[in-house]
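Take a look at the structure set out below.
What follows draws every value from the coordinates through simple rules; no lab data is involved. Everything numeric in this text was worked out from a predicted model, so none of it was measured.
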């Protein structure tokens with residue numbers, strides 16, 4: 001049975017650690033005129049998510065989060081290091097929020113700003129459909145042919161047979177889990193200690209929205225895409 005967004009309890013939990021090796025202060029670096037994290041907060045709010053939380057070990061990040069409309073959750077140091085999992089951060093945040101009535105968590109990635117509130121709305125619509133327990137955002141892998149090197153040092157084609165290449169249009173459609181956002185029921189996260197489990201669904205996004213920011217080169221690429229594909233439409 002489909003449920004309207006207003007009839008289900010959805011919270012957004014945005015993970016934003018203070019440490020970053022690739023780009024110093026990556027989560028709050030200036031991106032097209034705003035702290036990078038601000039875009040993700042605004043995407044959630046504009047999609048109709050009423051409760052948006054930012055979990056961080058950094059007071060500076062939490063203060064900026066509050067300035068842009070999110071509530072703050074101070075994350076303990078023992079789940080804030082390089083080896084800490086996102087799952088541990090989400091579980092801690094759910095415990096702090098302290099509501100047993102949370103039906104869905106939306107967990108967007110700060111470093112994937114090339115989304116829109118409409119992308120999140122489509123994910124929320126799937127959550128409200130009652131068909132799924134967890135959902136991931138994805139992009140179609142159009143004509144991407146992957147290879148890997150085996151332990152023996154031999155190149156091996158992965159998602160197609162190079163000896164029987166065939167026509168591009170005859171290959172089955174394949175999807176890339178792009179990391180832009182996830183949706184999951186809290187009980188799925190607790191049961192599997194995994195963001196995905198149970199009945200899994202997906203939200204398809206345009207291919208160019210899959211780019212994320214881990215290096216300064218990524219930052220420049222994403223700025224060009226943001227200005228060309230998203231900001232131009234607003235002007």
(request) Rounded to the nearest 500, what is the 222 nm mean residue ellipticity of the chain from helices alone, with -39500 (n - 2.57) per DSSP H run of 4+ residues and division by all residues? (result) -7500 deg cm²/dmol
(message) Below 8 Å, C-alpha to C-alpha, sequence gap of six or more: please give me the relative contact order for segment 67-159 in percent.
(response) 12 percent
(message) As I understand it, the value is the acute angle between the Cα axis of helix 216-225 and the longest principal axis of the Cα atoms of the chain; what does it come to in degrees, rounded to 10?
(response) 90 degrees
(request) May I ask for the distance between the Cα centers of segment 16-86 and segment 206-235, given as a whole number of Å? (result) 19 Å
(request) Find the centroid of the Cα atoms in segment 130-152 and in segment 180-195, then give the distance between the two in whole Å. (result) 19 Å
